[in-house]
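Working notes, structure below.
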C-alpha cells in the first residue's frame, strides 16, 4: 500500500510533453529569432549532430521530436535511460537550418539539465543498490519542470516520491507545529477516510516512538546522523508492526556518505540534491560543414 501510494516511477504522456515543449519554446521565440531570420537564408539546409561530450545517462529523447515537430528530420540513436560514452552521437537533425538554430538552445537546456539529473541519480542508485535501498526524489524541483525532472530521476534508476501534495499524506514538522498532538492528528486523518498512506517526518527517536504508537504507514527520518538513523530503525523494527513500516532517511545525503546511510536498515533514501543541485552535463549541437 505504501509503495503504491507514495513511491512510483513516472512516465510522460506524449501529448503533455508536446504542450509543455510549446510553452518552453514560446518563452524563447515569443518575438521570433531576429538574428537567424536576418542572416540565414530561408532555403538553406543543414545537418547537425547532437553529441555527448562526457559520459552520461541520457534523458530527453521524448522532447526532441516535439521541439522540431515537422520542421526538420530527427534521427535519434540513443534512447532515454541509456548510458552514453563521451564523444558518442545521440542523434542528428537535418532539414531547414533556421529551426535547427532557433530551437537549439531550448533543446540543449533540457537535455543537459535532465541528463545531469539522470546521471547523478544513477551514481546514487549504484551505491545504494547492493544494500537493497531505493533512491527517492523529493518536491525540491524547479517550478514548472517537476514532471520532467522526476522523469529524469526514474531514468537514472531512482524512484519518484509524491508528484504533488495530493498523492500522499506526509506530516512534517511544521504541520506538528501548528496542528498539535500527532496521535490526534493521525486519528483525524484516518477518520477522513483517505485512501492514502500516512507518512510522518521525525527528527528524534522520541518522535519515532510516538509515530509508531499513532499507527503510521511510513516514516521519514529527517536530518539525522547515520548513528541516529540506525537507532531509529531499531526502534521501528522492534515494534510489533515495525516490519510493515517503510522507512526513509533524508537530509545531507551525498555520494560521499550514501553507502553509510544505506547500511542503516532503511528502505529508501530521499535526496533533494538529485533535482535541485544536479550539475548539467555537456551535450553539444555541432553543425556539419
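The values are calculated or read from the model by the stated rules, or taken from the named source; none is laboratory data. In this text the structure is predicted, and so the values were computed from the model without any measurement. Please note: Cβ atoms are built from the backbone with ideal geometry, for glycine as well, and neighbour counts cover all protein chains shown.
Restricting the stretch 176-229 to residues that are part of a loop (DSSP other than H, G, I, E, B) and touching a strand residue (DSSP E or B) at 6+ places or on another chain (Cβ under 7 Å), which is farthest from residue 260 (Cα to Cα)? Full working, then the answer.
Our first condition is that a residue be part of a loop (DSSP other than H, G, I, E, B); within the stretch 176-229, this holds for 180-181, 192-197, 203-204, 215-217, 223-225.
With the extra rule that they be touching a strand residue (DSSP E or B) at 6+ places or on another chain (Cβ under 7 Å), the set shrinks to 194, 196-197, 203, 216-217, 224.
On the way: 194: 36, 196: 31, 197: 28, 203: 19, 216: 26, 217: 25, 224: 12 Å.
Per the stated criteria, the residue is 194.
Condition first: assigned to a loop (DSSP other than H, G, I, E, B), exposed (fewer than 15 other Cβ atoms within 10 Å of the Cβ) and out of contact with any helix residue (DSSP H, G or I) (no Cβ under 9 Å at 6 or more places or on another chain). Now tell me which residues in the stretch 253-289 satisfy that.
256, 288, 289
Looking only at the stretch 1-51, which residues are under 20 Å from residue 151 (Cα atoms) and in a strand (DSSP E or B)?
Selection gives 8 alone.
Could you tell me whether any residue of the stretch 143-156 is free of Cβ contacts under 8 Å to residues at least 40 places away in the same chain, assigned to a helix (DSSP H, G or I) and assigned by TED's automatic domain parsing to the domain that holds residue 218?
Yes, the stretch 143-156 contains at least one residue that is free of Cβ contacts under 8 Å to residues at least 40 places away in the same chain, assigned to a helix (DSSP H, G or I) and assigned by TED's automatic domain parsing to the domain that holds residue 218.
Can you tell me which residue within the stretch 61-75, out of those that are surrounded by fewer than 18 Cβ atoms within 10 Å (Cβ to Cβ) and touching a strand residue (DSSP E or B) at 6+ places or on another chain (Cβ under 8 Å), is farthest from residue 25 (Cα to Cα)?
75
Please work out which one of (1) assigned to a loop (DSSP other than H, G, I, E, B); (2) out of contact with any strand residue (DSSP E or B) (no Cβ under 7 Å at 6 or more places or on another chain); (3) surrounded by fewer than 17 Cβ atoms within 10 Å (Cβ to Cβ) is the condition residue 86 fails and give its number.
So residue 86 meets the others, but not (2).
Have a look at 214, 231, 177 and point out the one that is surrounded by fewer than 20 Cβ atoms within 10 Å (Cβ to Cβ), modelled with pLDDT of 95 or more and farther than 20 Å from residue 135 by Cα. Don't jump to the end; show me each part of the working.
Numbers: 214 fails: modelled with pLDDT of 95 or more; 177 fails: modelled with pLDDT of 95 or more.
It is 231.
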